[in-house]
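Everything on this sheet refers to the single structure shown next.
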Amino acid sequence: MAHRLTGGNRTAGHRSTAGRSTPSARPRTGQRAQELQEYGSITALPIGLEETVCKRSVEALNQTLADAIAIRDLYKKHHWQVAGQTFYQLHLLFDKHYAEQSKLIDVIAERIQLLGGVSVAMAADVAETTLIPRPPKGREPVPVQISRLLHAHEIVLKEARTMARLAAEREDDGTNDVLVSDVIRTNELQVWFVAEHVVDTPVVRAE
Ligand SMILES: [Fe+2]
């Protein structure tokens with residue numbers, strides 16, 4: 001059943017003196033209706049894949065999407081809250097990785113839609129879905145920030161490798177490609193850039 005909010009905008013137009021209906025310039029705000037498609041359901045598109053295949057891929061991709069959104073937000077948190085001698089380089093690096101994760105989540109979300117699924121999107125729904133542990137609201141020192149990021153990346157990498165193999169087995173090559181070329185490659189590279197910051201090397205004297 002369609003739900004309508006009370007308030008203005010009930011009048012679609014008015015009768016002119018000539019008796020013709022003219023459109024109203026008033027914006028029709030506050031509208032609500034039933035969802036077009038429920039979360040978790042599939043609306044199959046003609047892409048040559050069975051609906052059951054699409055459903056399994058969508059479930060896997062929504063898990064990866066929730067985790068990628070969590071990592072993206074973790075990077076922005078760290079970008080803002082970083083402190084100490086490496087502030088400037090980490091401030092910039094964290095924002096670069098944030099931007100790369102933002103691109104990645106768009107690729108994942110759009111693949112979910114083209115498979116006929118519904119992408120997880122909002123923070124509360126992401127929080128219910130992600131496997132990445134929730135960090136405290138306050139500021140943490142750099143080594144802890146980095147440990148959190150590395151742990152989060154490893155969660156995504158482990159799940160993405162399994163998901164990629166399963167997608168290949170059910171002949172969903174596009175999903176396999178997104179998981180390997182986008183999810184795995186992006187996360188592996190970011191691990192390298194972040195992990196090098198917690199290698200305990202001498203700064204001035206080698207011995
Ligand atoms: Fe910024």
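Throughout, read-outs are computed from the coordinates displayed, never taken from laboratory work. What you see is a predicted model; the values in this text were computed from it and never measured. We place every Cβ from the backbone using ideal geometry, glycine too, and count neighbours over all the protein chains shown.
Table for the structure above
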{"read-out": "Two-site label geometry, Lys103 and Glu59: point separation in nm, points 7 Å out along Cα→Cβ", "value": "3.2"}
{"read-out": "Sequence-separation-based contact order of segment 117-207, relative, with Cα cut under 8 Å and 6+ spacing, percent", "value": "28"}
{"read-out": "Partners for Lys77 among aspartates and glutamates (Cα-Cα distance below 16 Å; same-chain residues under 8 apart left out)", "value": "Asp67, Asp95, Glu100, Glu140"}
{"read-out": "Label-point gap, in nm, between Glu50 and Leu189 - each point 7 angstrom along Cα→Cβ", "value": "3.6"}
{"read-out": "D (Stokes-Einstein, µm²/s), Kirkwood Cα radius, the chain, 0.890 mPa s at 25 °C", "value": "122"}
{"read-out": "Footprinting exposure proxy for Lys76, Lys103 (fewest neighbouring C-beta atoms within 10 Å first)", "value": "Lys103, Lys76"}
{"read-out": "Residues Glu110 and Ala83, FRET efficiency given R0 of 30 Å [Cβ-Cβ distance, rounded to 0.05]", "value": "0.25"}
{"read-out": "Label-point separation, Asp125 to Thr201 (7 Å along Cα→Cβ), nm", "value": "4.4"}
